[in-house]
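**Student:** Here it is, the structure, as structure tokens.
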Amino acid sequence: MTAYSAQIIVIAKAPVPGRVKTRLSPPYSAEQAARLAAAALADTLDAVRSTPVRRRVVAFDGDVTLADLDGLDVIRQRGDTLGERLAHAFADAALGAGAGLPTLLVGMDTPQVTPLLLTHALDVLAGSDAALGPAPDGGWWALALTDPACAAVLAEVPMSLADTGARTAHALTRQGIRLRLLPELHDVDTCDDAVQVAEQAPDTRFARELSAITAGVRS
């Protein structure tokens, strides 16, 4: 696998009941939703750690002791809206050791992501300025940029809408950058999403956690 002179950012939140994956409740409790969030984050970080890049960053919100962040550079999220937090994550990661590095940002809610998918996103940058990974709900799961400064436009893009992906693509391309699309992935927002993702990646922590929780709900 090729080594990349690039960095990956995972934007993540501490898995605290009532603060993460709230759309999973019901049918799951807030505590169960937090367990699923923790498993998804761990799977995502496993994939990132196994991807051959120069730097791995977590833009974290909350208590860092609630996640295994060993071997990763941790920066704090800042901003009021998700769009602002994404823009700041790109900007803050581009400082210091991240200066000049092409950057790929992913969330913590695609536990099915693999090093192969992450390296594909970086490969796409060889022939474009940006790569966007769409999600079936109209959002996106990944954004790669050769110039992280281009992410500043994310601060003005409304997130969590049915056309967020399209709005993001428009905000980027109107800067004159060349954009290509990555494979579509489900991110885990609802119970149906969780089931689909677990079926796609049955060997993940997320799938095992969902199976354990579902068994408990049914018993």
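**Student:** Return the total of residues in segment 1-19 being aliphatic (A, V, I, L, M), part of a loop (DSSP other than H, G, I, E, B) and at pLDDT 95 or above.
**Tutor:** Adding up the residues that qualify gives 2.
**Student:** On to the next question. Take the residues in segment 41-68 that are in contact (Cβ under 8 Å) with a residue 24 or more places away in the chain, part of a helix (DSSP H, G or I) and touching a strand residue (DSSP E or B) at 6+ places or on another chain (Cβ under 8 Å); name whichever of them is surrounded by the most Cβ atoms within 10 Å (Cβ to Cβ).
**Tutor:** Selected residue: Leu41.
**Student:** Can you tell me which residue in segment 105-128 is surrounded by the most Cβ atoms within 10 Å (Cβ to Cβ), limited to those that are closer than 16 Å to Arg178 by Cβ and in contact with a Leu (Cβ under 7 Å, 6 or more places away or on another chain)?
**Tutor:** Ala121
**Student:** Here are the criteria: (1) crowded, with 17+ Cβ neighbours inside 10 Å; (2) closer than 20 Å to Ile9 by Cβ. Tell me which single one Arg180 does not satisfy.
**Tutor:** Answer for Arg180: the failing condition is (1).
**Student:** Right, here's the next one. If a residue must be assigned to a loop (DSSP other than H, G, I, E, B) and without any contact (Cβ under 8 Å) to a residue 40 or more places away in the chain, how many such residues does segment 27-40 contain?
**Tutor:** Total meeting the criteria: 1.
**Student:** Checking the condition assigned to a loop (DSSP other than H, G, I, E, B), within 18 Å of the chain's Cα centre (by Cα) and touching a residue at least 12 places away in the same chain (Cβ under 8 Å), which residue from Thr119, Thr110 passes?
**Tutor:** Answer to the selection: Thr110.
**Student:** So which of Ala155, Ala121, Ala162 is among the small types (Gly, Ala, Ser) and farther than 22 Å from Phe60 by Cβ?
**Tutor:** The match here is Ala162.
**Student:** In addition: What residue, of Val106, Val113, is within 27 Å of Val157 (Cα to Cα), at pLDDT 95 or above, out of contact with any helix residue (DSSP H, G or I) (no Cβ under 6 Å at 6 or more places or on another chain) and not charged (D, E, K, R)?
**Tutor:** Being within 27 Å of Val157 (Cα to Cα), at pLDDT 95 or above, out of contact with any helix residue (DSSP H, G or I) (no Cβ under 6 Å at 6 or more places or on another chain) and not charged (D, E, K, R) holds for just one of Val106, Val113, which is Val106.
The values are calculated or read from the model by the stated rules, or taken from the named source; none is laboratory data. Quantities reported herein were computed from a predicted structural model and do not represent experimental measurements. Using ideal geometry, Cβ is built from the backbone for each residue, glycine included, and neighbour counts are taken over all protein chains shown.
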